[in-house]
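Structure, as structure tokens:
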Amino acid sequence: MKIIIVNDYEEMSKKAANIISSQIILNSSSVLGFATGDTPLGTYKKLVNTYNEGDIDFAEIKTFNLDEYYHLPKDNTQSYNFYMTENLFKQVNVKPQNIHIPNGMCESIEEECLNYENAIEQADGINLQLLGIGTNGHIGFNEPDVKFEATTHLVHLDEETIHANSRFFDSIEEVPTKAISMGIKTIMQAKKIVLLASGIEKSEAIYNTVRGHITPEVPASVLQLHPDVTIIVDNNAASRL
């Protein structure tokens with residue numbers, strides 16, 4: 001596990017974008033795993049800038065997103081499909097058929113989860129997975145639990161997560177209480193993982209991820225077992241290390 005401590009969010013975003021850009025340059029048909037939320041926005045902005053400068057090409061890139069809200073239409077402005085389209089996909093030359101995001105409006109959750117796992121397998125796995133981290137240590141929407149959920153599955157979101165996500169909605173009542181998420185095994189099968197964290201509110205989660213026991217009560221702690229993890233944190237998020 002490699003820890004990179006930077007001064008601020010801007011520097012964190014730049015380093016993350018550089019790592020992803022290098023992956024694309026080294027393998028123009030890479031399979032990239034993407035995350036959503038506030039944390040990776042700066043990274044996506046810098047990737048778009050690098051693309052516009054002609055230094056990277058998304059034409060053969062395949063993408064898989066970590067998660068999506070359950071029963072939230074993809075054209076809803078708070079869906080992760082909408083988020084990815086607005087913040088990255090419509091600004092680069094990634095092919096629509098190469099974009100994979102769980103279908104929150106699926107008729108069969110079991111079939112959707114199985115199909116998502118099969119699609120990742122058919123793509124020969126994820127080369128680089130970008131992660132954020134919740135204040136409770138969740139990665140994707142894998143919430144603290146008594147066990148690790150292995151593969152893509154339906155999640156009942158914790159009250160802490162619902163409250164944290166309520167800032168994106170008009171009221172907390174509008175926040176979905178369920179989501180479809182890659183499981184821990186799926187995430188851990190990525191060949192390389194980059195986790196980002198910014199802000200003092202993430203410091204305890206980062207400490208528990210890096211220094212704590214490996215436990216499903218802190219889902220991100222399992223990353224200690226991965227052979228190629230880079231954690232990029234600003235000074236505030238790293239303040240307890």
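Structural remarks
- Selection count where residues are over 21 Å from A164 (Cβ atoms), among the β-branched types (V, I, T) and not in a loop (DSSP other than H, G, I, E, B), scope the range 106-142: 2
- Cβ-Cβ under 8 Å pairs, at least 6 apart or on other chains, the range 111-122 side farther than 8 Å from T152 by Cβ, far side at pLDDT 95 or above and part of a helix (DSSP H, G or I): I120/T186
- Top-ranked residue in the range 143-165 [being in contact with a Phe, Trp or Tyr (Cβ under 8 Å, 6 or more places away or on another chain) and not in a helix (DSSP H, G or I); ranked as surrounded by the most Cβ atoms within 10 Å (Cβ to Cβ)]: T152
- Residues that are aromatic (F, W, Y), part of a strand (DSSP E or B) and within 26 Å of Y116 (Cβ to Cβ) are absent from the range 36-50 altogether.
- Residues that are surrounded by 13 or more Cβ atoms within 10 Å (Cβ to Cβ) and in a loop (DSSP other than H, G, I, E, B) within the range 166-180 comprise F169, V175, P176, T177, listed in sequence order.
- Boolean, M84 is hydrophobic (A, V, I, L, M, F, W, C) and more than 30 Å from N27 (Cβ to Cβ): no
- Criterion violated by F64 - all others in (1) assigned to a loop (DSSP other than H, G, I, E, B); (2) of a type in the set (A, V, I, L, M, F, W, C); (3) touching a residue at least 60 places away in the same chain (Cβ under 8 Å) satisfied: (1)
- Check on G42, surrounded by fewer than 19 Cβ atoms within 10 Å (Cβ to Cβ) and under 29 Å from D8 (Cα atoms): no
- Scanning the range 67-88 for residues that are in a helix (DSSP H, G or I) and free of Cβ contacts under 8 Å to residues at least 12 places away in the same chain gives F82, T85, E86.
- Yes/no for A190 being under 15 Å from the mean Cα position of the chain (by Cα), buried (at least 16 other Cβ atoms within 10 Å of the Cβ), touching a residue at least 24 places away in the same chain (Cβ under 8 Å) and closer than 28 Å to S29 by Cβ: yes
- Considering the range 206-220, the residues that are free of Cβ contacts under 8 Å to residues at least 12 places away in the same chain and part of a loop (DSSP other than H, G, I, E, B) include one that is farthest from D145 (Cα to Cα), namely G212.
- Condition check for I187 on (1) assigned to a helix (DSSP H, G or I); (2) farther than 21 Å from E160 by Cβ: one failure, at (2).
- Pairs are defined by a Cβ separation below 6 Å, a sequence spacing of at least 6 or placement on different chains, a first member in the range 33-50 that is over 10 Å from G132 (Cβ atoms), and a second member that is modelled with pLDDT under 95; no pair meets this definition.
- If the condition is being aliphatic (A, V, I, L, M) and out of contact with any Leu (no Cβ under 7 Å at 6 or more places or on another chain), then the range 207-218 contributes only V218.
The values are calculated or read from the model by the stated rules, or taken from the named source; none is laboratory data. All of these numbers come straight from a predicted model, not from anything done at the bench. Glycine also receives a Cβ, built like all others from the backbone with ideal geometry; neighbour counts cover every protein chain displayed.
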